[in-house]
Amino acid sequence: MQLDIVVAFFILGALARAVKSNLQLPPALYQSLTIFLLIAIGLKGGTALSQHASPILLPQSLAVITLGIAIPLIAFPLLFRFGQLNRTDSASIAAHYGSVSVATYAVAVAVLESRGMPYEAYFPLFVVLLEMPAIAVGIALARQGGEKVRWGPLLHEMTCNQGIVLMSGSLAIGYLAGEQVNSIMPLFGDLFHGVLALFLLEMGIVAASRISDIRMAAPFITAFSVLMPLVGAALGGALAHLLGFSAGGIVLLATLGASASYIAVPAAMRTALPDANHGISIAASLGVTFPFNVLVGIPLYLASVDWLSKTQ
């Protein structure tokens, strides 16, 4: 399979870090790229939602939320019983893996579009829906061990963080604006792949810098960071198949199931579980799982769907 061009920029960033280059994007530019991607994904999803909204979206959405609840419930006992982590750390890491990575989703979309592979364009709705259930499950699991939670600040962080506000707000704007969206899509549509390439260049640098953090963690965490995405991908892909999604939709839900949050959930967990070892969570999700999905996972999910379509 030919390497996708946006993924090549991720590899370039990782190589630059490996050879100790001084290559680095200005923090303000990285923040701007993040905002751009969140708005672009939301707008595109809102426009598609206005065109394809139907009653079937309700059961699909409930099924996707169930996926977001199931994954941390699977991850927690693996971390707590087999990994021998304490309850708070296990719950925090499980929440990261039950939530999603918008960047990983964006890479999957770019790969599908480069192949001309159609998918359900209202998928950004599912991205938004998958942000919060895992946080709630992680907190509930931690509270079983007596962990106290400050609910006021937490609820604010869960519902008003940058990712939720921008994606849900852009989704609503795209849904309500109708054809007016076309006036700004030359920016948020035509430039999407170029902006994603720059974003992945920085992500390659950051991910490579986390390798030393994961080395200090137990070997179990490294193995978990690779195997848990495969479990999540299998669950997401199977659910997408049961829901009757297209081949592209199966790849996207598998990718969402496999991804791990490294932006929204860390912020929420710092508020909810201040005693957790947040460094391990970030090192696992960003240092191992993100590059695994970008370099190995997404091509694997695509190949699996292609193989299954040929055998049917």
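Every number here is computed from the coordinates shown, using simple stated rules; none is lab data. Everything numeric here is computed off the predicted structure, so don't read it as measured data. Reconstructed Cβ throughout: ideal geometry from the backbone, glycine too, with neighbour counts over all protein chains shown.
Rounded to whole numbers, the Karplus 3J(HN,Hα) couplings from phi for the range 227-232 are 6, 4, x, 5, 5, x Hz, using 6.51 cos²θ - 1.76 cosθ + 1.60 with θ = phi - 60°, and x at Gly and Pro.
Its DSSP H runs of at least 4 residues, each contributing -39,500 (n - 2.57), put the calculated 222 nm mean residue ellipticity of the chain at -22500 deg cm²/dmol, to the nearest 500. Near the amide H of SER246, within less than 5 Å, lie the amide hydrogens of GLU120, all on another chain or at least 5 residues away, with H placed in the peptide plane. Name the shape class, rounded, prolate or oblate, that the alpha-carbon gyration tensor gives for the range 184-282, where a ≥ b ≥ c are the square roots of its eigenvalues, rounded holds for a/c under 1.5, and otherwise prolate holds if a/b is larger than b/c and oblate otherwise. Cα axes put the range 184-282 in the oblate bin. Against the empirical 2.2 N^0.38 Å (N residues), the range 1-155 has a Cα radius of gyration ratio of 1.26.
How big is the Kirkwood radius of the range 254-302, worked out from every pair of different alpha carbons and given in Å to one decimal? Before the final figure, lay out the partial values.
Details: mean 1/r = 0.0866 Å⁻¹.
Averaging 1/r across every pair of different Cα atoms and inverting gives 11.5 Å.
Note on LEU57 and ALA238: with the Förster distance fixed at 25 Å, the Cβ-Cβ geometry gives a FRET efficiency of about 0.80.
Translational diffusion coefficient of the range 86-242 (Stokes-Einstein, Kirkwood radius from Cα pairs, 25 °C, 0.890 mPa s): 134 µm²/s. Placing +1 on the Cβ of every Lys and Arg and -1 on the Cβ of every Asp and Glu, with nothing else charged, gives the chain a dipole about its Cα centre of roughly 620 debye. Working note: Cα atoms of the range 1-78, range along each principal axis, descending, whole Å: 52, 40, 33. Contact order, relative form, for the range 53-130: 38 percent (alpha carbon pairs under 8 Å, 6 or more residues apart, mean separation divided by residue count). When both the range 1-42 and the range 45-97 are represented by their alpha-carbon centers, they are found 26 Å apart.
Rg then Dmax, both in Å and based on the Cα atoms of the chain: 18.5, 54. Computed on the chain, with alpha-carbon pairs under 8 angstrom and 6+ residues apart, the relative contact order is 32 percent.
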